Amino acid sequence: MGALAAEPVLTVRDLVVHYHTPRGPIKAVEHVSFDVYKGERFGLVGESGCGKSTTAMALLRLIKPPGRIETGEVRLEGRDLLTLKPDELRTLRWRDLSLIPQGAMNSLNPVMRIREQIEDVIICHEGRPSPAELAERVHKLLNMVGLPRRVTTMYPHELSGGMKQRVCIAMAIALNPKLVIADELTSALDVVVQRVVIQTLMEVQERLGTSLIVIGHDMGLQAQLVDRLAVMYAGRIAEIADAITIFEQPLHPYTRLLIASVPSTKEKKPLQAIPGLPPTLLNPPPGCAFHPRCPAAFERCAVEVPRLQEVAPKHQVACHLFSERIS
Ligand SMILES: Nc1ncnc2c1ncn2[C@@H]1O[C@H](COP(=O)(O)OP(=O)(O)OP(=O)(O)O)[C@@H](O)[C@H]1O
Ligand SMILES: [Mg+2]
């Protein structure tokens, strides 16, 4: 993975996204801030419904009503994506920043050949190159993701899940973007295929030097993949640190419990479940949303939302146990 450049390619500040439902606003993303550095693999992990996909969609301004980006700043190499004009944003998608959405393999067009779907991405952004050049680029992309040439003339239904996910990777990297976001890329695949697809994405990322945001709920899988990891809980970031630090010195009680629930082959330990249920984001608990389930909660946790603060170099945590220490 090598040393990371100190420059962020993406900065997200105070991002807030709500879904305005008849029952009230669902606070899916609340004041989320993080940076992704050049060439870095950044992981976003958390339980189902904690706001991971909403965060990803918001970065590309793909939130649809009743969802709305309330506030925030999303900068890609300095350009604020939330204030770009729609046509500027269209040019930037795929070319500078591309998203492999959750369930992407099921949204490949069923009546278009794989070749045409990849060609579309190129033609939409760069105009139509010569047929020979176009064919060459498609073959190169397929080759990069480990798919044989014959896939070009096939339709999505003729491919396995793993192959379809590789096609999605090929489309995401077609224009050599600065940042690729992969949302639950392998969740629908069996573990063997999961490994191979992840391996493909990592190889491609390394070869192109792209930055990568990997979204998932599998803490164990993420640990092996990413340089840094952000743990999300109920629409907020609970902790951010190097993946190794998160595993060896987790600070947030939620992160600690998440790690205790990851099976290990090295040491046989009883798996720990996190007591209680994730909160509804329609009406989250006051203060720290984790406090009703937290073994270390004290009075302040029920009344005041903890801010994400740097408590050690490159280690941020949003927990009153640690805000005490530095305030
Ligand atoms: N279109 C929508 N309308 C209303 N609420 C929504 C909508 N989309 C998402 N939500 C709610 O926003 C919250 C965050 O959802 P999101 O899909 O971002 O979570 P996630 O972390 O990606 O979950 P998963 O791991 O299941 O993919 C959830 O409470 C969800 O129910
Ligand atoms: Mg999701």
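Could you state the number of Å between the C-alpha centres of region 137-210 and region 220-260?
Result: 26 Å between the Cα centres.
Taking Cα atoms of region 182-327, Rg/Rh with Kirkwood Rh, to two decimals?
0.99
Relative to the longest principal Cα axis of the chain, at what angle does helix 191-208 sit, 0 to 90 degrees, rounded to 10?
80
When every alpha-carbon pair in region 8-326 is counted, what percent end up more than 36 Å apart?
21
What is the gain in length, in nm to one decimal, between ASP35 and SER187 on full extension, counting 0.36 nm per residue of separation less the C-alpha to C-alpha distance?
Length difference between fully extended and current span is 52.2 nm.
Suppose R0 equals 41 Å. What FRET efficiency, 1/(1 + (r/R0)^6) with r the Cβ-Cβ distance, do ASP14 and LEU175 give to the nearest 0.05?
0.90
When the chain is fully extended, how far beyond the present Cα-Cα distance does VAL262 get from ILE244, taking 0.36 nm per residue of separation?
Using 0.36 nm per residue and subtracting the Cα-Cα distance, I get 5.0 nm.
If one takes the longest principal axis of the Cα atoms in the chain, at what angle in degrees, from 0 to 90 and to the nearest 10, does the Cα axis of helix 161-173 lie?
On a 0 to 90 degree scale, this one is about 90.
How big is the antiparallel share of DSSP beta bridges in region 8-326, given as a percent to the nearest 5?
60
If you stretched the chain out fully between ARG307 and ASN143, how much longer would it get, using 0.36 nm times the residue separation minus the C-alpha to C-alpha distance?
Contour length minus the Cα-Cα distance gives 54.5 nm.
What FRET efficiency comes out for the pair LYS85/LEU208, r = Cβ-Cβ distance, R0 = 35 Å, nearest 0.05?
About 0.80, to the nearest 0.05.
Using a basic spin-label model with each label point 7 Å from the Cα along Cα→Cβ, how many nm lie between ALA6 and LEU277?
My value for the distance between the label points is 4.8 nm.
Please go through region 181-253 and write out the trypsin sites (Lys or Arg not before Pro) that DSSP classes as loop and that have at most 16 other C-beta atoms within 10 Å.
Sites meeting the loop and neighbour criteria: none at all.
Could you tell me the center-to-center distance, by alpha carbons, between region 28-60 and region 287-303 in angstrom?
23
Too long at a 23 Å Cα-Cα cut-off: which of LYS64/LYS85; LYS38/LYS314; LYS85/LYS314; LYS27/LYS85; LYS27/LYS178; LYS52/LYS140?
Pairs exceeding 23 Å: LYS85/LYS314; LYS27/LYS85; LYS27/LYS178; LYS52/LYS140.
Just so you know, all these numbers are worked out from the coordinates, no wet-lab data involved. This structure is a prediction, so every number in the text was calculated from the model and none was measured. Because the Cβ atoms are built from the backbone with ideal geometry, glycine has one as well, and the counts that use them run over all protein chains shown.
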